[in-house]
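Contents: one structure, followed by commentary.
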């Protein structure tokens, strides 16, 4: 979870900077920085869980079936 929190902090900073640079508005930059990374962070966390489960299943499957997942 620490990796996810670190990723979120970096993402908030980048999202705000890009939003502000594109619009010149602190309000819009702030809104983008709050909404987009929040959703992306949840998606990232879910992706990590799915990826880890996929890896576990792959290790448990014998032979040729392991390569299909």
- prompt: Taking only pairs six or more apart or across chains, which ones have beta-carbon atoms under 6 Å, a first residue in region 33-59 that is touching a residue at least 40 places away in the same chain (Cβ under 8 Å) and at negative phi, and a second residue that is assigned to a helix (DSSP H, G or I) and surrounded by 10 or more Cβ atoms within 10 Å (Cβ to Cβ)?
  reply: 45/4
message: Looking for something part of a helix (DSSP H, G or I), buried (at least 16 other Cβ atoms within 10 Å of the Cβ) and more than 11 Å from the chain's Cα centre (by Cα) - is there at least one such residue anywhere in region 33-49?
response: yes
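Throughout, read-outs are computed from the coordinates displayed, never taken from laboratory work. These figures come from a predicted structure and were not determined experimentally. Cβ coordinates were reconstructed from backbone atoms using ideal geometry, including for glycine residues, and neighbour counts include every protein chain displayed.
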